[in-house]
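The values are calculated or read from the model by the stated rules, or taken from the named source; none is laboratory data. Computed from a prediction, not measured in an experiment: that's the story for all the values here. Here the Cβ is made from the backbone with ideal geometry for all residues, glycine too, and neighbour counts use every protein chain on show.
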Amino acid sequence: MNARGLYVLLLLPLILCACGTTGTVENPQDYELTIRKLQERLVTNPADPEALRDIGVIYFETHHYPQARDYLKKASIANEHDGKTQFYLGMTREYDHDLRGALAAYINYTDIASSSPYHKLMEARYYVVTKQLIAEQFRQLAANEDSLGRQNTPSNAVAVFPLVYQGSEQKYSALGEGMSEMMTIDLGRVKKLRLVERMRVEELMSELKLSASGAVDPSTAPRLGKFLAAGRIIGGRYDVSADNTLRLDVASV
């Protein structure tokens, strides 16, 4: 599991906690008094963002997603910088199978104060939904793989794959990702190059079930390049000798 996957896993209990802030009953009538009071606030101020949000959260937690979506959308219009509103709006859209709509809500996590728990919750869901959308795109490309060969692949688009550790000392096995990231950062300084996002590379490896040792190979590179719309793929292997000498074998295909 990579660092981002572990991060999301560690946040799961927090996500579950946040989703249960008002209880677990499934009938909105159990919240009738609370909803009535919130509705009275809306009579005075129809754009009350907190009232709209709290009604939406109640409907979400009672599994009435269309009603939740309607109230949360209004709450988002009234206050687009409220982390709780954006988080629940994104979750509601996920239940509607609207991943792109959910992503549009979660991407606003950068506007939420880092001290807010919803900043971390939205960030975690942002990466989860992004990976789902990438995987969906790759599956669609795989279904039409024959047509990929007729598409023009940008020659300046570069994909950097994780370097593969060839030794037996597990303490050095984590260096590959770090060195790949360093190469990506350095190549990113070259203005004429366009770097493929690391997440897309990782998801392609997962989706095609590529073994790390055979991820970058001259025979498979053309196929990987077509999936990533990359004209060049960079990858390789490394080892650390007994005297702590680092050896790199990096290839550009």
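When the residues of region 58-98 are filtered to those that are under 23 Å from the mean Cα position of the chain (by Cα) and among the β-branched types (Val, Ile, Thr), which remaining residue is nearest to Ile35 (Cα to Cα)? Restricting to residues being under 23 Å from the mean Cα position of the chain (by Cα) and among the β-branched types (Val, Ile, Thr), the top hit is Thr85. Restricted to region 30-115, the set of helices (runs of 4 or more DSSP H) holding at least 3 residues that are surrounded by fewer than 17 Cβ atoms within 10 Å (Cβ to Cβ) comprises 32-44, 65-78. For region 15-29, the set of residues classified as loosely packed, with under 14 Cβ neighbours inside 10 Å and modelled with pLDDT under 50 consists of Leu16, Cys17, Gly20, Thr21, Gly23, Thr24, listed by residue number.
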